[in-house]
Every structure is written in structure tokens, then in C-alpha cells.
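Chemist: A single structure is presented below for examination.
Taken together, the values in this text are just the output of simple stated rules run on the coordinates, not laboratory data. Predicted model, so just to flag it, every value in this text is computed and none were measured. Cβ sites come from the backbone with ideal geometry, for glycine too, and all protein chains shown count toward neighbours.
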């Protein structure tokens with residue numbers, strides 16, 4: 001046997017869905033700044049901790065320059081081929 005939904009039940013369901021949607025929207029606007037502050041603080045602690053370890057390992061004097069990586073010298077090959085003289089054809 002088929003059962004049909006009543007109109008009042010359908011309207012009640014739509015109102016509950018709208019209430020939940022707008023409730024989440026309002027609560028997210030209230031709590032979003034606190035959540036973002038918490039996330040940025042945790043990221044700052046994580047990245048700051050990594051940066052602090054590097055600074056503690058190698059203290060450097062003011063004006064001192066340190067090169068961590070020496071670039072590889074590129075060698076060019078002079079024997080790339082024969083020079084071919086050409087003429088334009090009209």
C-alpha cells in the first residue's frame with residue numbers, strides 16, 4: 001500500500017532544513033574568526049619552531065654572507081656541428 005506525505009509534513013521538513021541551513025550560516029560567521037586565529041597560531045608555531053631550530057644551529061654575525069650551495073659550472077660544447085653557408089632562393 002502506498003503512503004503519501006501530507007502537506008504539513010512537507011512544509012515542516014522544508015522549514016527544518018532552512019532553519020538548520022541558516023543556523024549553520026550564522027554560527028559559522030560567529031566562530032570563523034576564532035577558528036582562523038587558532039589555525040594561524042598553530043601554523044605559526046609549527047613553522048616558527050622549524051625556523052628557530054635553523055637559527056640556533058648556525059648563529060651568524062651581522063653582515064656575514066653564507067653560501068649553502070655551490071652552483072655547478074655549465075660546460076658548453078663547442079663542437080655542436082658544421083657551419084653551412086646558404087643562399088636565398090627567390
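Chemist: How high is the FRET efficiency from residue 70 to residue 45, r the C-beta distance, R0 35 Å, rounded to 0.05?
Modeler: 0.55
Chemist: Here is a further query. What distance in nm separates the simple spin-label points at residue 37 and residue 7, each placed 7 Å from Cα in the Cβ direction?
Modeler: 5.0 nm
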